[in-house]
Every structure is written in C-alpha cells, then in structure tokens.
Amino acid sequence: MKLDPIQAASAAQFDRRSHRYGKGHILEQTADIEGALRHVELPAGARALDVATGGGHTGLLLAVRGYRVTLGDISTNMLTRAAALAAERGLKVETREFAAEAMPFGEGEFDLVTCRVAPHHFSDARGFVREVARVLKRGGSFLLIDGSIEDGKPEAEAWLHNVEKWRDPSHHRLWSQRTWETWCAESGLAVKSSELQPMLQPDLEWYFETAATSPENRAKVLEAVRTAPEEARALLRISEAADGKISWWWQRLVLVAQKG
C-alpha cells in the first residue's frame, strides 16, 4: 500500500496510539450513529463498509444489527484491535487495510458506507467522497460524522485547525458543512440529512494523553486557549472549570446522503 506523507503520518500515529481507541474511548458512545441511522433504509443482511474504523465502534454497532460488515483502516494495529473487540463480543466482521482515498473494492459493492471522526486526517477528502460514491450500490447510503466548522467563521476555523494540528500532527484539516454537501452533490450523492451538532469534548488533558501530544505542543495549545479570538471562544464555548480543566463544544457534522 503506497501512502502519501499525510496518509503515512496518520498510519504511524494510529499504529502507535491504537490502544487508546477501544473500550472507554468517547467514540464507544454511539448515540450519534444511532440517530443518523434513522435516516437510512437498508435491506436485511445489507453489506456495510466502515472506513477508517479506528476502534471499530461504528462497524460493531452495524454488525449487532445483523449487517455484513467490513472494517477498513489505514492502521494495521487499529484493525487488529477492532477485530479482537468484535471476536470478544461474538461478532463476525471482515477487516481490510487501505487508505480512504483508494478503496480496494469494485463498483457498487456496498449498501452503506460509514465514516466517523476520521476524515480530518485524510489527504484528499474530496477524493474519498468520490470513492464512497463508486463503491456504493445505486440507492445505497453514505453516513459521515466528523468535526466541522460553521461556514463564515474564518477566525474560529484557523484557531481550531492550529489547535488540532499541535495536539495531533497527523490532523490534516476540518471541512465545513457546505463543502461536504458540495462534494456529495458532485459525486452523485443526494444529501438527505445534514446537521451541525454541538458535542462537549472531554477535558484538554484527556486529548493530550490520547494523542501523546509533545510537551512543546501542549504549551502551544494552552497559550492558544488563553489568547483565543472571541469568534472561536464564543462559537466553541471554550471554558475552564474551577479545577482548571479546559473543554469546549466541538462542532460535529452528521450527514446522510444517498446514491441517486
């Protein structure tokens, strides 16, 4: 598997930190997926692909519902741990290692493609959407959940990009709701539901520990929080608790689209 520099950075980061994304990770809470799936109609025994599966939480939820699930990821260690978690729960899944921008599947193989809290690491998110459309069956659905930013908030977007990049250098960038909707339309995916939902993040120290942020970059993030522009502070509701814990409300895009 040939990787570009952005993809290689993601693969290395998540191979190193895969142990932090299983049980107890915030993504183990699946209410966002369950809510989005209300907009998706699938046949019995549908074939589903979870791209950049990470700890496997989305794919395992789909397997519990009786779908034939393939877990895909760029990280070998992530796939190994996700498969182990599936086996522990008595769930049968397939695993495939690949970059999201180049899926090793034929056209129209899947009824559902999901991707949750991962595309901000992709080197070519637009190309990823084209690949989703290619591997989906006609009438199939695409479920995307990822960090995003409200359109028309350039200061907040720049602030958040810097913070995420310092916290985890494998971060590439967040994309706005309008951008994702445009890419879907370009690829023949009709958006059925699209919503920015606020999501309270764990405190900043939890994020540092999850990503193994360097001391130098931790200092940069803390200074950025201290000097955050008002647009970012208001939009993301940045706050410091009495015990010194820093948190904010991440803007999470939940989008469902259907191949025409």
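The set of residues in segment 132-165 being open to solvent by 30 Å² or more (accessible area, probe 1.4 Å), charged (D, E, K, R) and either touching a residue at least 40 places away in the same chain (Cβ under 8 Å) or over 18 Å from THR179 (Cβ atoms) (or both) consists of ARG134, LYS137, ARG138, GLU150, LYS153, GLU155, LYS165. Can you work out which of the residues in segment 60-106 that are touching a helix residue (DSSP H, G or I) at 6+ places or on another chain (Cβ under 8 Å) and hydroxyl-bearing (Ser, Thr, Tyr) is farthest from GLN29 (Cα to Cα)? Result: THR76.
For segment 186-220, taking the residues that are in a helix (DSSP H, G or I) and at pLDDT below 95, the one that is nearest to PHE14 (Cα to Cα) is identified as ALA211.
Within segment 235-260, being open to solvent by less than 60 Å² (accessible area, probe 1.4 Å), over 17 Å from HIS161 (Cβ atoms) and free of Cβ contacts under 8 Å to residues at least 40 places away in the same chain holds for SER239, ALA241, GLY244. Just to be sure, is ALA8 part of a helix (DSSP H, G or I), without any contact (Cβ under 8 Å) to a residue 40 or more places away in the chain, under 14 Å from HIS121 (Cβ atoms) and open to solvent by less than 60 Å² (accessible area, probe 1.4 Å)? Judged against the criteria, ALA8 is a match.
Against the definition (closer than 23 Å to SER170 by Cβ, in contact with a His (Cβ under 9 Å, 6 or more places away or on another chain) and either open to solvent by less than 60 Å² (accessible area, probe 1.4 Å) or among the polar types (S, T, N, Q) (or both)), how does GLY55 come out, yes or no? Break it down stepwise before answering.
Details: closer than 23 Å to SER170 by Cβ: yes; in contact with a His (Cβ under 9 Å, 6 or more places away or on another chain): yes; either open to solvent by less than 60 Å² (accessible area, probe 1.4 Å) or among the polar types (S, T, N, Q) (or both): yes.
Yes.
Inside segment 104-162, residues that are over 27 Å from THR227 (Cβ atoms) and in a strand (DSSP E or B) make up a count of 17.
Restricting to segment 166-186, and then to whatever is basic (Lys, Arg) and under 20 Å from ALA52 (Cα atoms), can you tell me which residue is most open to solvent (accessible area, probe 1.4 Å)? It would help to see each step written out before you state the result.
Keep residues of segment 166-186 that are basic (Lys, Arg), which gives 167, 173, 178.
Restricting the remaining residues to those that are under 20 Å from ALA52 (Cα atoms) gives 167, 173.
Values: ARG167: 26, ARG173: 80 Å².
The extreme case among them is ARG173.
(1) within 19 Å of the chain's Cα centre (by Cα); (2) in contact (Cβ under 8 Å) with a residue 12 or more places away in the chain: which one isn't true of ALA190, the others all being true? Checking ALA190 against (1) within 19 Å of the chain's Cα centre (by Cα); (2) in contact (Cβ under 8 Å) with a residue 12 or more places away in the chain, the one that fails is (1).
Could you identify the single residue in ARG16, ARG38 that is modelled with pLDDT of 90 or more, basic (Lys, Arg) and either farther than 18 Å from VAL129 by Cα or open to solvent by 40 Å² or more (accessible area, probe 1.4 Å) (or both)? Write out each step before concluding.
Numbers: ARG16 fails: modelled with pLDDT of 90 or more.
So the residue among ARG16, ARG38 that is modelled with pLDDT of 90 or more, basic (Lys, Arg) and either farther than 18 Å from VAL129 by Cα or open to solvent by 40 Å² or more (accessible area, probe 1.4 Å) (or both) is ARG38.
The values are calculated or read from the model by the stated rules, or taken from the named source; none is laboratory data. Only a predicted model underlies this, so the values are computations on that prediction, with no experimental measurement involved. Using ideal geometry, Cβ is built from the backbone for each residue, glycine included, and neighbour counts are taken over all protein chains shown. The area values use the complete protein model at the heavy-atom level, side chains included, leaving out ligands, DNA and RNA. Shrake-Rupley method; radii C 1.70, N 1.55, O 1.52, S 1.80 Å.
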